[in-house]
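Contents: one structure, followed by commentary.
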Amino acid sequence: MASDVTITIQDGGANTAINVPASNIRVKIGCLLTGIGQTAVVNQIISTRSANTLASAFVGGQLAEAAALVCLAGGTVLAIGVPVVTPGTATAVTATVPGSSTSAVTVTLDGTNGAWDTYFVRVKATAGGTRGTAGIKFQVSLDAGRNYAPDVNLGTAVTYTIPNTGITINFGAGTIVLGDYWSFSTVAPMWNAAGVQAAITALQNSSYALNGWGGMHVVGVTTGSIATLYQSYLGGSPDGTGGLAAGDIYTRLIADARDALAPVAWGGSGETEATWMGAIQTDVSTVNAKRACLSTGFYNMPSAFPILGTTYFYRRPLGWALDVRESAIPPQRHAGRVLDGSLGNIIINATSDPTDGFIYHDERINPGLTGARLCAAKTRIGKQGFFIDQPNLLAPTGSTFTLLPYGNVLDIACDIAFQEAEELIDSDLRVNPNGTLYVNDALAIQNTILAALNTNMTAVGMISGASVIVNQTNNVLVTGNVEITISILRNGYVLSVTIQIGFASPTGPGA
């Protein structure tokens, strides 16, 4: 059904309660693992501030992990599971056996979901023995050896299922020798774009759409072509004529570009940082998706759900940390504001990170992603940790929607304008003999909408000002339509500082 109020987003009253979507409410969309005792179903919206609730609903997987990080930071999530289209996979096992273990170690994955997440698994023997007899003990790391769980006593078993991972380790006939280890990596399950679209539609048709949310995050690898689809799902092309915006819902989305291919030691090709950067830059070079912020770079982040009593540090996309930050700041705030500190979810080990074979992109040292309209992280001289460089939107060159906070505040202005304009529907207004609005009635509309914008945005520092003009030349008597033009003055952001410094000129005696 067509809306009574039409808002066209241009690139370049008094007693009505206005609803401003809260920035700490985050929509999370990702794969729903099935057949594992989960209670959630496809396209069901799980609204919660509790990581325990997420664990009960989803059991495991990246959707639960990403959503839980927001909850642990004090935010609220609307988590929506979509079907697994491509199950998770695993590389072959690489044996490192200086002790000459003869047992061939292999891997079996969950038959429905495959591997539940992206893991870098190492199984390290801590006590030797013959397979099928007591004595063999080992430790498991899921994060490339950064952390190990306590000893597992294999006993007389020939297999071991790592809890909540979808991975079973198979021990072939033979011996296991103390100190030998076996390594492999996995890739998480994936959805397809149709599944994400269906989840967004379910959200649009739910009661949660009435009050809105602060932002969205799709958990899983997004390509340039999928980012283009996101724009059609959220805002159409041109912006505002399709998707959620056509249904009077205005929102932006955080997505995650792929990681560099895994190091050779973990079954990958050992893709270089330059090659990875070039591939992503090329992939988005022609994308026009001003409602999508595509994050780049993967970093180590603690899991929200310990396994075997151990908190592993998984490689996660920058977008996971960005969405946590967005849940904690007002919509107009730049996510890289230095006063807010570095991204707390990212764990840095200055000793092991430089030599572990993984890429930790630093836009300060290797620039190029920010200039490609991507969101990247950087270190800052004199500061610890990683900071968001620029929370870029994939807007075309020349657009005024270059940063996520620009889009956020405009979306809120649209929400407010819609709610006030909706109050006018079916009202009777006075007109002049030529059918145009009587000036007092036109001014009353202007003042009501402007007051709402000033109260809910300007007065709280969200924007610097606004203007509202009602067209007094349009023949309302004939058209039945009131034309309103709104301009908001966004805040300025300090993206650089220029300092001049030198010695003061001597002025005392003997100068």
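Structure notes:
- A count restricted to the range 390-400 and to residues that are more than 16 Å from GLY492 (Cβ to Cβ) and surrounded by fewer than 21 Cβ atoms within 10 Å (Cβ to Cβ) stands at 4.
- Among the residues of the range 314-341, those that are surrounded by fewer than 20 Cβ atoms within 10 Å (Cβ to Cβ) and more than 16 Å from the chain's Cα centre (by Cα) comprise PRO330, ARG337, VAL338, LEU339, ASP340, GLY341.
- Residue match in the range 401-412 (condition: at pLDDT 95 or above, surrounded by fewer than 20 Cβ atoms within 10 Å (Cβ to Cβ), touching a strand residue (DSSP E or B) at 6+ places or on another chain (Cβ under 6 Å) and of a type outside the set (A, V, I, L, M)): no
- The set of residues from the range 51-94 being within 10 Å of CYS31 (Cα to Cα), touching a strand residue (DSSP E or B) at 6+ places or on another chain (Cβ under 6 Å) and assigned to a helix (DSSP H, G or I) comprises GLN62, LEU63.
- Search result, residues across the range 414-473 that are under 34 Å from the mean Cα position of the chain (by Cα) and of a type in the set (S, T, N, Q): GLN419, ASN454, THR455, ASN456, THR458, SER464, SER467
- In the range 95-119, the qualifying residues are those that are among the hydroxyl-bearing types (Ser, Thr, Tyr) and assigned to a loop (DSSP other than H, G, I, E, B), and the one that is surrounded by the most Cβ atoms within 10 Å (Cβ to Cβ) is TYR119.
The values are calculated or read from the model by the stated rules, or taken from the named source; none is laboratory data. Values in this document were obtained by computation on a predicted structure and should not be read as measured data. Quick reminder, even Gly has a Cβ in these numbers, built from the backbone with ideal geometry, and neighbours come from all protein chains shown.
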